[in-house]
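Remarks on the structure that follows.
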2 protein chains.
Amino acid sequence: MYRDPVESHASLTPLASREQRPSTRALRVGMIGIGTVGSGTFRVLARNHAEIAARAGRSIELVIVAARNLTRASSIVGPDLPLTDDPMQVATHPDVDVVVEVAGGTGPARDWVLAAIAHGKHVVTANKALLAVHGEEIFAAARVQGVVVAYEGAVAVSIPIVKALREGLAANRIEWVAGIINGTTNFILSKMRDEGLDFAVALAQAQALGYAEADPTFDIDGIDAAHKLSLLAANAFGMPLRFADAQIEGIAQLKAIDVACAEQLGFRIKLLGVARRQAQGVELRVQPALIPATHLMANVHGAMNAVMVKADAAGVTLYYGAGAGSEQTASAVIADLVDVARLDGADAARQVPHLGVHAHATNDLPVLPRAAVSTPHFLRVPVRSASGIQRVAACLAEQQVPVRQVALAARCEGADPQVLVLTGPAAQGVLDLAAHALQSLAEVSGGVTSLRVEELAA
Amino acid sequence: MYRDPVESHASLTPLASREQRPSTRALRVGMIGIGTVGSGTFRVLARNHAEIAARAGRSIELVIVAARNLTRASSIVGPDLPLTDDPMQVATHPDVDVVVEVAGGTGPARDWVLAAIAHGKHVVTANKALLAVHGEEIFAAARVQGVVVAYEGAVAVSIPIVKALREGLAANRIEWVAGIINGTTNFILSKMRDEGLDFAVALAQAQALGYAEADPTFDIDGIDAAHKLSLLAANAFGMPLRFADAQIEGIAQLKAIDVACAEQLGFRIKLLGVARRQAQGVELRVQPALIPATHLMANVHGAMNAVMVKADAAGVTLYYGAGAGSEQTASAVIADLVDVARLDGADAARQVPHLGVHAHATNDLPVLPRAAVSTPHFLRVPVRSASGIQRVAACLAEQQVPVRQVALAARCEGADPQVLVLTGPAAQGVLDLAAHALQSLAEVSGGVTSLRVEELAA
């Protein structure tokens, strides 16, 4: 099904190879998907239409929407907006200047986005999975056509962190980025801490409240955070997208006792995405990690997101806001549209490069292997009796793990005594061997927990 | 004294009235001032030259610097960079594409900036006083010439908050902005709280450590914060600069006992700049205010800055970083230069409007009078004996001030008993009358403190 668009304009938008006067007619948007993000985008564009035009210098108009369920779509957008159930019709439509892809997924979305680019259209997407997996191909195609592919909504939606990294901090050599960039897992971890819940119980509550999906794998296994981290790292360091090389650990193994014991030492556990530049390459890793309880990042609660950046000139900056939501994501999608409204028709050299630096200057930094990444660690070692603490300490000395603190946990209702250890900086490879050695001690009564401690200067 | 620039190019940069291909030659920068910010800008431009060019798509080169002390300037920039002691020479120099004004002050700086604009040059400045006072005139001149006047370094230097407000949040109707935007006063207030110091002692320590100037008036009286707030409000609400209408209270009247008593009720005192849209106009005010101690804004310590924004689609977002410093300010100045490098020669319609919205769409919102602005309040009332609490409560009832909590302060070493009150939302006019009435009670033994409580949803 396809209804004619309201207005009819020239056919294929000319490629932006020659500089044109900026247009004062409306920027014509075709949108693929009218689910949570799409309906929020429709709503905010309508509600704030005048204010957005006052900022953009021209009107931004939805001219066609592709949806799977046209009846449902019509109930959202009303009778006047043309609808189609064929996304490719939006991607290639002659009256569309920019395609907003908010359908999600990686396979078909890739085809739609590449088709839109081939037809000289700009693209705005909130699809982190698509970009983490197919971003290099998509950006290369966009460079050939001179079009914008913008994706502020792909990371920590309400926070303009992509813009901050690649424009606001453009003067800096960025040293590291650390983010709480998955709201579902932060909600679960906040629940576990506040109410002493085990992971499975907190997950069930998050699902009941709509903070976790029925299949929560992408969130709780850290994959969604790694998608976003690969985008942050590329923009921070001018490197290619390296999602496939990221080290990813989720939170499903965490126990209530881990959270409580970390708390006793003055730390909170957060699922962190960390990208850090080292002499030999880049750390690129998602894992549950301990942060001092007084640190701002430890006080990001519930489904909120925050990203901290250490840069050589600006120092430490932090960006905080909602990491999901219908209008929260729409805020980012429309901000990208406003950028497009200004740059449409301009020479592509006026655009901000897709991944922060111009392609010829990309810095092909290798991702450091997991075993080589060195941080302090937290160990929780259940022992048959309190005297086991000495054997634990001796074992760590044998394994040449530097130790800052060894203590017995204060209370462990019903559980065996717990030896808690804070190590000095040690490579993960060394820690893995030490944890293995601890696990085989006769004095150790259960599974050893080993987590990184993140020292985020503030 | 004037030395020839290293390179010689065409004369007057043509006005950006017609769209040109973006240039690939270096963006040529003339800088006025080589003090703290200027030397930081010189240093970061040199250190990160390749990375900045990789982001900007072209090299950014200093071609001439104006300084009062040429010997000192030469010791900073070396022998190869042309120097002059006449800022006007930089402002009108034929080889300069963009003038960086980091000399400060309002009178001569206005002349230099207007001259640069008249010669078709873009301007980057970190001078909030200049823009708060002369911004409307400067931006009007820049619109005529089609040049950029960028000022990310004028507010919360390390944080790209101007960019976040006018680009990142462009989709939103912004409801309020609240900022800790003066590092000197936040340092003093942090000292007062952490060490129980009175204002004068904390100020002296801040001066000794270089966090406060010898004449700290602009900072401690809230004027510097009001300069910045007027820029934030204009960009948030699409309104003109209204520095002259801002209500400004500083922190010099605060006592250690105010800080301690606020703490007892679970609050911290911060110097806040608040701009809030109401039905009748805009609140625009700088004052010391109470924030719940667990709030992120209450945990912004020392000389750090933070700005919180409530927007209709994005919800609450927060931006945190250093508010002053040589390279921290340079980070913002150079980010502006990177924007200019991309847009130089483009039609002015491609630029982000100077104050967020296009001039024809400016929303001339009136600033609400102080007496009309309603918030909860905190009162500290010294009384001759503890029984005075009843008379205080009765007086507030007579004055029709809604009361949430009345309590005696826990300990007040050496001082009279203190009645602490948290009111419900009440207009400042009502509170002023009530404070006056309390002050005249026989039971009251000293000066009554009245401070706003800021309810910043998080």
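When each copy gets a label point 7 Å from Cα toward the beta-carbon at A:ARG21, what are the spacings between them in nm, shortest first?
2.2
Segment B:265-292 to segment B:301-327: how many Å between their Cα centroids?
Measuring centre to centre over Cα atoms gives 15 Å.
Return the distance in nm (one decimal) between the two label points of a simple spin-label model at B:ARG72 and A:ASP111, each offset 7 Å from Cα along Cα→Cβ.
According to this spin-label approximation, the distance is 6.8 nm.
Calculate the spin-label point distance for B:ASN363 paired with B:ALA118, positioning each point 7 Å from the Cα along the beta-carbon direction, and give it in nanometres.
Going from the B:ALA118 label point to the B:ASN363 one covers 3.6 nm.
Which parts of segment B:228-248 would a label at B:GLN278 reach, counting a residue when its backbone N lies under 16 Å from a point 7 Å out along Cα-to-Cβ?
Within reach of a label on B:GLN278: B:245-248.
Using a 10 angstrom Cβ neighbour count of at most 11 plus a DSSP loop assignment to flag exposed GluC sites (Glu not before Pro), which longest range of chain A is free of such sites?
Excluding the exposed sites themselves, the longest stretch runs over A:8-412.
By the scheme Lys and Arg +1, Asp and Glu -1, what is the net charge of all other residues having a beta-carbon under 15 Å from that of A:ALA46?
-2
For segment B:370-453, what is the convex hull volume of the alpha-carbon atoms per residue, in Å³? Working shown, then result.
Values: hull volume 6.7 nm³, N = 84.
Value for segment B:370-453: 79 Å³ per residue.
What are the nm distances, shortest first, from B:ALA407 to its equivalents in the other copies, labels at 7 Å along Cα→Cβ?
2.9
Return the Cα extents of chain B along principal axes one, two and three, sorted largest first, each rounded to a whole Å.
Principal-axis extents of the Cα atoms in chain B, largest first: 82, 46, 34 Å.
Would you list A:LEU114, A:LEU284 from fewest to most Cβ contacts within 10 Å? Walk me through the numbers on the way to the answer.
Numbers: A:LEU114 17, A:LEU284 28.
Ranked by crowding around the Cβ, least crowded first: A:LEU114, A:LEU284.
How many nanometers, to one decimal and shortest first, lie between the label point of B:ALA394 and those of its other copies, if labels sit 7 Å from Cα toward Cβ?
Sorted ascending, the copy-to-copy spacings read 7.6 nm.
Roughly what angle does helix A:128-145 make with the longest principal axis of chain A, taking Cα atoms, 0 to 90 degrees, to the nearest 10?
Tilt relative to chain A: about 40 degrees.
Quick one: give the max-minus-min coordinate of the C-alpha atoms of segment B:80-202 along each principal axis, largest first, in Å.
Principal-axis extents of the Cα atoms in segment B:80-202, largest first: 56, 42, 28 Å.
Arrange B:THR217, B:THR24, B:THR423 by Cβ neighbour counts within 10 Å, fewest through most, would you?
Arranged by neighbour count, lowest to highest, B:THR217, B:THR24, B:THR423 become B:THR24, B:THR217, B:THR423.
Take the Cα atoms of segment B:161-322, build their convex hull, and give its volume per residue in Å³. Walk me through the intermediate numbers first.
Details: hull volume 18.0 nm³, N = 162.
Expressed per residue, the convex hull around the Cα atoms of segment B:161-322 is 111 Å³.
Determine, for A:HIS358, A:HIS227, the number of other Cβ atoms within 10 Å of each Cβ, and report the residues in order from fewest to most. Kindly include the intermediate steps, with their values, before the conclusion.
Numbers: A:HIS358 19, A:HIS227 28.
Taking fewest neighbouring Cβ atoms as first place, the list is A:HIS358, A:HIS227.
So what's the angle, to the nearest 10 degrees on a 0 to 90 scale, between helix A:326-343 and the longest Cα principal axis of chain A?
It is inclined by approximately 50 degrees.
What average number of partner chain Cβ atoms lie no more than 10 Å from the Cβ of the residues making up A:354-361?
Numbers: counts 0, 0, 3, 7, 6, 1, 2, 6.
Partner Cβ neighbours, averaged per residue: 3.
Which entries in the list A:LYS121/B:LYS121; A:LYS121/A:LYS228; A:LYS121/A:LYS163 go over 31 Å, if you measure between the two C-alpha atoms of each? List each step's numbers first, then the result.
Numbers: A:LYS121/B:LYS121 33 Å; A:LYS121/A:LYS228 24 Å; A:LYS121/A:LYS163 21 Å.
In this structure, A:LYS121/B:LYS121 lie more than 31 Å apart at Cα.
Test of understanding: given chain A, find the longest segment containing no trypsin sites (Lys or Arg not before Pro) that are in a DSSP loop and have at most 12 other Cβ atoms within 10 Å.
So the longest stretch without any such site is A:69-410.
At R0 = 60 Å, how high is the FRET efficiency between B:ALA415 and A:GLN390 if r is their beta carbon distance? Nearest 0.05 is fine.
It comes out at approximately 0.70.
I'd like the orientation of helix A:199-208 relative to chain A: the angle between its Cα long axis and the longest Cα principal axis, in ° from 0 to 90, rounded to 10.
Computed tilt is about 30 degrees.
Under 20 Å between alpha carbons, and skipping anything fewer than 8 positions from A:LYS255 in its own chain: which lysines qualify?
The reachable lysines, counting only those whose Cα sits under 20 Å from A:LYS255, are A:LYS191, A:LYS270.
Semi-axes of the protein assembly as shown's equivalent ellipsoid from the Cα gyration tensor, sqrt of 5 times each eigenvalue, largest first, rounded to whole Å?
42, 39, 30
Looking at the axis that maps chain B onto chain A, which chain B residue has the closest Cβ, and how far off is it in Å, rounded to a whole number?
For chain B, the closest residue to the axis carrying it onto A is B:GLU19, 2.
A short reminder: the numbers here are calculations on the coordinates, not readings from a lab. These numbers come from a predicted model, not from an experiment. Virtual Cβ from ideal backbone geometry, glycine too; neighbours counted across all protein chains shown.
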